[in-house]
Amino acid sequence: HVVFLGAPCTGKTTLASRLAREFRTQWMPEYGREYWERHQVNRRLSLDQLVEIAEAHLEREEDLLRRADRYLFTDTSALTTYQFALHYHGEASHRLAELAEKAASRYDLVFLCENDIPYEDTWDRSGEADRHNFQKRIIADLAERRIPYLRLSGDLESRVGQVKSILKQHSKYSLHPNLH
């Protein structure tokens with residue numbers, strides 16, 4: 001079970017879907033994006049809505065895990081939803097904090113997609129400076145929770161190659177020497 005974390009517009013969706021195609025398996029899209037597009041008001045969601053996102057994402061992920069062949073590539077987790085709550089509301093509900101804590105040990109491999117790719121400034125994003133700050137928050141959260149992770153940088157082909165190389169070496173019950 002592989003998860004890709006990082007600020008908005010760091011290539012998580014593109015990478016997860018591409019790897020799923022190449023490995024002929026399932027991938028879990030970021031449910032928060034789908035939910036946000038249907039329910040946002042003035043580009044914001046409530047604290048309760050963020051909990052709904054994290055819970056529904058987890059339910060979908062569980063279903064896909066049962067159907068995945070060898071790998072499930074997951075675009076984001078409750079850790080990111082938790083960071084959105086802190087960023088936009090200055091707090092997170094107890095339930096969302098609980099879901100984020102469970103996400104801390106849920107994945108076999110955690111990859112951090114660096115923000116070194118061009119930023120796509122679309123109406124639904126909050127700007128490149130915000131991306132940089134959000135990335136710093138995610139890195140700090142990973143460190144605070146002591147979650148081992150691997151950094152991915154460069155263009156898509158480079159990132160795909162990095163993931164494939166790590167998957168070749170990965171054994172579920174051992175740590176990779178490049179984990180941060």
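One residue alone among R60, R38, R44, R18 is over 17 Å from A104 (Cα atoms), out of contact with any helix residue (DSSP H, G or I) (no Cβ under 8 Å at 6 or more places or on another chain) and among the basic types (K, R), and that residue is R38.
Is it the case that L79 is of a type in the set (A, V, I, L, M, F, W, C), buried (at least 22 other Cβ atoms within 10 Å of the Cβ) and touching a His at 6+ places or on another chain (Cβ under 6 Å)? Here the answer is no, as L79 does not meet what is asked.
Looking at region 21-37, which of the residues that are surrounded by fewer than 21 Cβ atoms within 10 Å (Cβ to Cβ) and within 15 Å of L64 (Cα to Cα) is nearest to the chain's Cα centre (by Cα)?
Filtering region 21-37 for residues surrounded by fewer than 21 Cβ atoms within 10 Å (Cβ to Cβ) gives 21-26, 29, 33-37.
Restricting the remaining residues to those that are within 15 Å of L64 (Cα to Cα) gives 21, 23-26, 29.
Working: R21: 18, F23: 19, R24: 20, T25: 18, Q26: 15, P29: 9 Å.
Here the answer is P29.
Here R151, R145 are screened, and the one residue that is surrounded by 11 or more Cβ atoms within 10 Å (Cβ to Cβ), at pLDDT 95 or above and touching a strand residue (DSSP E or B) at 6+ places or on another chain (Cβ under 9 Å) is R151. The one condition from (1) in contact with a Phe, Trp or Tyr (Cβ under 9 Å, 6 or more places away or on another chain); (2) more than 17 Å from S17 (Cα to Cα); (3) at pLDDT 95 or above; (4) not in a helix (DSSP H, G or I) that F73 does not meet is (2). Mind counting the residues in region 12-32 that are within 19 Å of T81 (Cβ to Cβ) and either of a type in the set (S, T, N, Q) or part of a loop (DSSP other than H, G, I, E, B) (or both)? Residues in region 12-32 being within 19 Å of T81 (Cβ to Cβ) and either of a type in the set (S, T, N, Q) or part of a loop (DSSP other than H, G, I, E, B) (or both): 3 in total.
The values are calculated or read from the model by the stated rules, or taken from the named source; none is laboratory data. On a predicted model such as this, the values are computed, not experimentally measured, just so you know. Please note: Cβ atoms are built from the backbone with ideal geometry, for glycine as well, and neighbour counts cover all protein chains shown.
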